[in-house]
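**Student:** The structure follows.
The values are calculated or read from the model by the stated rules, or taken from the named source; none is laboratory data. Remember, it's a predicted structure, so these values are computed and weren't measured experimentally. Methodologically, a virtual Cβ is constructed for each residue, glycine included, from the backbone with ideal geometry; neighbour enumeration extends over all protein chains shown. To get the accessible areas, we keep the full protein, side chains included, count just its heavy atoms, and leave off ligands, DNA and RNA. Shrake-Rupley method; radii C 1.70, N 1.55, O 1.52, S 1.80 Å.
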Amino acid sequence: MRILITGGAGFIGSNLVLHWLQHHPQDHVFNLDALTYAGNLLNLKEVEGNSNYHFLHADLRQPDVVKNIFIENKIEGVLHLAAESHVDRSISGPADFIETNILGTFHLLEAARSYWGNSPDPRFHHVSTDEVFGSLGPEGAFHEETPYAPNSPYSASKASSDHLVRAYHHTYGLNVVTTNCSNNYGPFQFPEKLIPLLIHNCLAERSLPVYGDGRNIRDWLYVKDHCRALDLVFHRGQTGECYNIGGSNEWRNLDVVHLICDLLDKELGRSGDDSCRKLITFVKDRPGHDQRYAIDPRKMLRELKWSPELDFQMGLLQTIRWYLNNQAWVEQVTSGSYREYYRQQYNV
Ligand code: NAD
Ligand code: TYD
């Protein structure tokens, strides 16, 4: 198959491109990415020479370009990940979130509809977040019928894109599936999100900012478990359906911070006054900070036999070791110094 993965140079997208080329070696993977600050081709170095991998430098906000991509590359299926993805950035500057997450998704849907016509076969898989459901109290978990109640500009823009995808199925018969996943962690995550930021700051001996009282809860999932779930839903999910993907792995933020400090102390041989814990700093809370997310993943288990494989402590240790071994990557993505190389190579 000829698969279009949007946002394939980002965190989850690049893990997915690597997963796809490994598990579906006959498929052609077209990676459409605008290479914003969050996207970079360093993540995909190991597949640069693979003749089934194709990078397309393009922006979803340009409808004609997106339409041509379907035609020129005879696209037979889409996994849509490209988005602005960081809640804090959506609070300080929501415009990009509206343009990429809502309008960009609209342009992609239009391109798919116009290229595929009424064919029921080609699949459009929309990758979304559990944040569309809003914030939970101490009990319960988000399931597929939980009403939408997004609280941040990020989650509102993702909720809006989910509704557009749903409407294209009901109105035009587009073969869509949507997945709503909990917080991911793992290799290639830009060090602005909690886990890579903590690792990065520990190594740089910078403070570890904990928003509010650190009691907010997230349900963490290793990115490769997410990619396995996406693969299953793309191939075997029921058309028009939504699937919640989660780790059944709830942690208070402060406990995540402590765990990372302890794991890093061991890796680096730090202890006592030298411990990473001394860097913990409570800072002003995020406006509208959602208290708790948790996913009820029973539909994924029941229908697709999916459950997470990697336990959190092991996943965190692997992630920490990945960042320790790839400090040059962190340096390059935070400074943008790799861009010159790709500018010459891909003319981007
Ligand atoms: P990311 O920010 O790491 O990557 C986003 C990618 O999209 C980047 O490569 C960027 O260059 C690209 N992009 C942004 N705007 C674009 C545009 N206008 N045109 C083309 N490309 C553009 O994001 P991520 O964390 O990998 O998330 C991927 C998807 O998964 C998003 O849709 C996000 O909402 C969803 N999601 C993320 C998480 C998480 O924990 N990270 C959890 C659930 C769902
Ligand atoms: P984040 O990784 O930004 O993901 P999201 O907001 O999409 O869940 O944040 C995860 C949690 O960690 C969230 O409750 C906010 C909190 N947080 C901090 O306490 N300090 C930080 O520096 C960051 C980035 C997040």
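**Student:** Within the range 105-115, can one find any residue that is within 16 Å of ligand 2 (Cβ to nearest atom) and either open to solvent by 60 Å² or more (accessible area, probe 1.4 Å) or not β-branched (Val, Ile, Thr) (or both)?
**Tutor:** No: zero hits.
**Student:** Now, a different point. Which is under 19 Å from the mean Cα position of the chain (by Cα) and open to solvent by less than 10 Å² (accessible area, probe 1.4 Å), of Leu198, Leu208, Leu232?
**Tutor:** Answer to the check: Leu198.
**Student:** How about the range 105-135: which of its residues are within 12 Å of ligand 1 (Cβ to nearest atom), in a strand (DSSP E or B) and more than 30 Å from Pro287 (Cα to Cα)?
**Tutor:** His125
**Student:** To continue, here is another question. Quick check, is Pro138 surrounded by fewer than 20 Cβ atoms within 10 Å (Cβ to Cβ), within 26 Å of Tyr211 (Cβ to Cβ), away from ligand 1 (no atom under 12 Å from the Cβ) and modelled with pLDDT of 95 or more?
**Tutor:** When the stated conditions are applied, Pro138 passes them.
**Student:** Kindly provide the set of residues from the range 76-95 that are assigned to a helix (DSSP H, G or I), open to solvent by 20 Å² or more (accessible area, probe 1.4 Å) and within 16 Å of ligand 2 (Cβ to nearest atom), ordered by number.
**Tutor:** Listed by number, the residues that qualify are Asp88, Arg89, Ile91, Ser92.
**Student:** Quick one: in the range 269-284, which of the residues that are surrounded by 12 or more Cβ atoms within 10 Å (Cβ to Cβ), closer than 14 Å to Val210 by Cα and basic (Lys, Arg) is nearest to the chain's Cα centre (by Cα)?
**Tutor:** Arg277
**Student:** Something else: For the range 247-295, give me the residue count where each residue is assigned to a helix (DSSP H, G or I) and within 9 Å of ligand 2 (Cβ to nearest atom).
**Tutor:** Qualifying residue count for the region: 4.
**Student:** Let me ask another. Please identify the pairs in which a residue from the range 60-79 that is more than 13 Å from Ser114 (Cβ to Cβ) has its Cβ atom under 8 Å from the Cβ atom of a residue that is part of a helix (DSSP H, G or I) and polar (S, T, N, Q), counting only partners at least 6 apart or on another chain.
**Tutor:** Leu60/Thr100; Leu60/Thr105; Arg61/Thr100
**Student:** Hey, another quick one. Filter the range 211-229 down to the residues that are more than 14 Å from the chain's Cα centre (by Cα) and in a loop (DSSP other than H, G, I, E, B), then identify the one that is nearest to ligand 1 (Cβ to nearest atom).
**Tutor:** It comes out as Asn216.
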